[in-house]
Each structure stands twice: as C-alpha cells, then as structure tokens.
Amino acid sequence: MSRETVHVMGRTSAAPDAVWAMARDFCGAWHPGLATITVERSATGAEIRRFTAHGEDTVYREQLIYRSDSDRCLAYTHLEGIRGAARYTARLTISPSAAGSVINWSAEIVAPPARAAEIANGTKPIFEAGIDALSAATPQPIEPDPTLTNAPLETRILPGTPQLALTHTPAKPGPLILFLHGIGGARSNWAAQLQAAGNFAQAAALDLRGYGDSTLGFRQSTIDDYCEDILRVMAEFNAEKLILCGLSYGSWIATSFAMRHPEKLAGLVLSAGCTGMSEAGPEEREAFRVSREVPLDAGQTPADFAPAVVGIIAGPNATDAIRAELLASMSAIPAATYRDALRCFTNPLERFDFAKLTMPTLLMTGEHDRLAPPSEIRAVAGRITDAAPRPDVRFEVIADAGHVCNVAQPAAYNRPLLEFIRKVIA
C-alpha cells in the first residue's frame, strides 16, 4: 500500500462564519460536482452523505467523523465508492484572515501505489471546485433555537449504602441522560441542563457519593464504586442506555465508565476534562493530592478555601451570581467527602484506551478554563477521533466561560448539548 496526501488552499473575502455556515452542512448540496445527495445515519447516529457526481453512475458514501463549530473544522472518511481505497480521510478548515477567510482542504489516501496516485490526482480538482463554491458564500440567517419549556424537576433518593440522591425530569422513552458534577460541585449545578434536556429525554443529575444528599460508603471510594453507582441509577430508572455527561471530575468518571461499559452508552459528553489523573505519573498525582490535603490536615474545610478555588475556576467575566453559585457548591462539601474524592482521583486504575469509545462523543470546555484549557481538550478530541473504531466526535469551546462552563454560560453550553442529544436519540 502507498500513502498519498492532497492539500488545497484558497482565499476569499467572504467572512469565516459565512463560509463555515455553508461548509458545516456536511450533507448539503453546495458542491458543484454533486448530481444527487441524500442523508443517512450510522447505527450510532453519525451523519453519512450518499451522493453521485455529474457524469458518473458510481454511488459514494462518506461519514462525518469530527466537527467543531468553534474551530470551523470538520473531518470525514470514505465508506464506499472510491475503487481501491483502503483508507481515505479528509479535513476541511476555515480560518479568519485580514482579508476574509482561508480555506484548507486536505486528504490522506491509502491504496495500492498506482491507484493512490490516481485518487490523489482526481481529488485535487474536486477540492478546488469546492473551495470556489465556498468562496462565494454569503451570510445566512441564524436559525433560532427551538422553543423549549423548563422541564419540571423532581428529587429521588436511592436508599442503601451509599445513599444516592438525584434530581430528575419526568420519564420519557429512550436513553436516560445522566449528569455528573465536578469535584467541587453538586447536582444542583446541572439545573439549567436538566430543564432543557428534559424536553427530549428523561434527564437526571446525581450527587456523587458523599456530596449533597448522597452518603459515603464504608471505605475509601474507588472508580469502580462510582461505576457501580451509575449502574444502580440505570436500574432504578429502568434505563437500557445512557447519555452520560460529566464535568471535570465527573468527566473522568464518565470516561472510566465508558471504558468498562461502552455497550451501555448511547452518547458521551465530556466537559472541562477527560483523562484526569489517568495519564499523570506517580509524582504528579501525589503532588496534586498532597497540595490539596494540606489545608484539610490543618483543620480547614472546603468552605474555608472555597473563595480561592472559585477565583481559579470562575472565568474573568463571571458575574457575582455565578461566583456565588460556585462558592455555595464548594462550601457545602464535607471535608471527608473532599478527601475521599481526592484520593480516588489520584489513584486511577488504568490509562484510558480511546479505541474502546464506540459511542458518539461531544467534548466541551470553557474559553478561559485554566484547569482544562481548550488546547488540551482539543488534543483529546483528536486522539479519540484517531483511535475510535467508528469515530463520531464533536469539540466545542464555550465562549467567555471558565472551568464550570455549564454554569457560566448555560445557553451557550446547552446549544451543542441539545444538538447532540437530538442526534443521538433520533
């Protein structure tokens, strides 16, 4: 097999958002070479375009594997139609320039040597024609978000050891959407997401063990314990599938669950984190734990150092109301719970294998997140796209948000979240 690459770049005076509004429509008929195009969905809901070209009878099928509105970027892979191609993966990116936009379209082709060169030579004019079409893009009206009601919220307590507390919306068919908060949070941090997501599926936010109205177990918690709690919640709600959504510590727990039970997930949403301490060395993990246990060993509680923590996790433009909510969540955590979570977090049981992520995955982080900055989460999104057997990955940056991006900018956070939910349950 031989590997060939194709790269075509174009410039246009059109604004990046106008170009992207056209380009992001993966199944749109905007390319002049298209004779027909129809939309299909993979078994997990990924977009597939089925099309023919002018003057040809061949049916082509390509699947979207990555998209980011924040970065104006998408990637797709060939499924059917290109004779002899063992692999054909392409990437389209729109970048701002002083004069308008720069359009980059590239492809990587793996095929027998002679055929690889033929495919590359045929690809270049296709990309050039597409870039010419995108260069003529004009601003499109922004479609309003769907009108939603605030789904009613109920409380449910699961007795036992540990006792688990949840806030949830009324029952609906389909997967259960389960939200997991961060190490300094609580289930109340997800109220805006529950009320919105409850329009489409039953949604629930869990107080992790020891937080809020949940209790600790009889021994130090492990990641396996958290996974057992999630299975308990699934059984309580008679859920066969989950859309699991975590933030920070909750993202690490959600990814750990996905590694163990990929067949139980219809979708995975990772906010402000993913790998946690799973890729840190022993010295880094120990330094992380010790630095945060020092005030606890001195007799302080999370309420004592909550203002300093909020100063780190809140974005620079966070309102007084947002800071007050984050402060209240952190201040309510018992010292024993915080210590228990720290020790679990800094004793991971494995390094993640992203090849196990067989479900659609959405990653989001705040523009001003100092703990999980966009560059880090973007890189993780890329690694999942490269490793997953059937990647269906989306990455977004929540503008003007800090670490707890769902609380800082609930409307901006909910927009990609709800698009993801609607796609997964369709």
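Observations on the model:
- Separation in nanometres of the label points that stand 7 Å from Cα toward Cβ, at Ala411 and Phe288: 3.5 nm
- Whole-Å distance, taken between Cα centres, linking segment 55-82 and segment 164-230: 36 Å
- Rolling a 1.4 angstrom probe over the protein heavy atoms with all chains in place gives the chain an accessible area of 43 Å² per residue.
- Taking every DSSP bridge with both residues inside the chain, close to 65 percent are antiparallel.
- Segment 1-89 shape via C-alpha gyration tensor axes, a/c threshold 1.5: rounded
- Contact order relative to length of the chain, as percent, for alpha carbon pairs under 8 angstrom and 6 or more apart: 15 percent
- Here segment 270-426 is described by how far its Cα atoms reach on the three principal axes: 49, 38, 26 Å, from widest to narrowest.
- Förster radius 25 Å - calculated FRET efficiency between Thr147 and Asp400, Cβ distance, rounded to 0.05: 0.50
- The charge dipole of segment 102-220, taken about its Cα centre with unit charges on the Cβ of Lys, Arg, Asp and Glu (plus for the first two, minus for the last two), comes to roughly 580 debye.
- Expected-Rg normalisation [2.2 N^0.38 Å, Cα atoms] applied to segment 153-312: 1.06
- In a fully extended conformation the segment linking His7 and Asp213 would gain 68.6 nm over its present Cα-Cα distance, using 0.36 nm per residue.
- Pairwise FRET efficiency - Asn238 versus Ile37, Cβ, R0 = 41 Å, nearest 0.05: 0.55
- Separation between Cα centres of segment 255-288 and segment 305-380, rounded to whole Å: 12 Å
- If a spin label sat at a point 7 angstrom from the Cα of Thr155 along the line to its beta carbon, the backbone N atoms of segment 210-242 nearer than 12 Å would be those of 212-214.
- Loop exposure criterion: trypsin sites (Lys or Arg not before Pro), DSSP state outside H, G, I, E and B, at most 15 other Cβ atoms within 10 Å. Applied to the chain, the longest stretch between such sites is 84-218.
- Computed about its Cα centre, the charge dipole of the chain is approximately 540 debye, with only Lys, Arg, Asp and Glu carrying charge at their Cβ.
- Overall, the accessible surface of the chain at a probe of 1.4 angstrom is composed of carbon and sulfur to the extent of 53 percent.
- Note on Lys172: lysines with a C-alpha under 28 Å away, same-chain residues under 8 apart excluded, are Lys241, Lys264, Lys423.
- Extending 7 Å from the Cα toward the beta-carbon at both His54 and Arg343 defines two label points whose distance is 7.0 nm.
- Helix-only mean residue ellipticity at 222 nm for the chain, each DSSP H run of n ≥ 4 adding -39500 (n - 2.57), per residue, nearest 500: -11000 deg cm²/dmol
- Along each principal axis, taking the top coordinate minus the bottom one, the Cα set of segment 251-312 gives 44, 26, 18 Å in descending order.
- Taking a ≥ b ≥ c as the square roots of the eigenvalues of the alpha-carbon gyration tensor, segment 277-362 is classed oblate because a/c is 1.5 or more while a/b is no larger than b/c.
- Ordering Ala117, Pro152, Trp105 by Cα displacement along the dipole of segment 105-217 toward the positive end leaves Pro152 in first place; charges were set at the Cβ atoms of Lys, Arg (+1) and Asp, Glu (-1).
- Simple spin-label estimate for Leu79 and Val110 in nanometres, 7 Å along Cα-Cβ: 2.0 nm
- Calculated FRET value between Thr319 and Ala298, using beta carbons and R₀ = 35 Å, to 0.05: 0.65
- Cα gyration tensor shape for segment 316-378, rounded if a/c is under 1.5, else prolate or oblate: oblate
The values are calculated or read from the model by the stated rules, or taken from the named source; none is laboratory data. Being a predicted model, the structure only gives us computed values, none of them experimental. Neighbour counts run over all protein chains shown; Cβ positions are idealised from the backbone, glycine included. Side chains included, ligands, DNA and RNA excluded: accessible areas come from the protein's heavy atoms. Shrake-Rupley method; radii C 1.70, N 1.55, O 1.52, S 1.80 Å.
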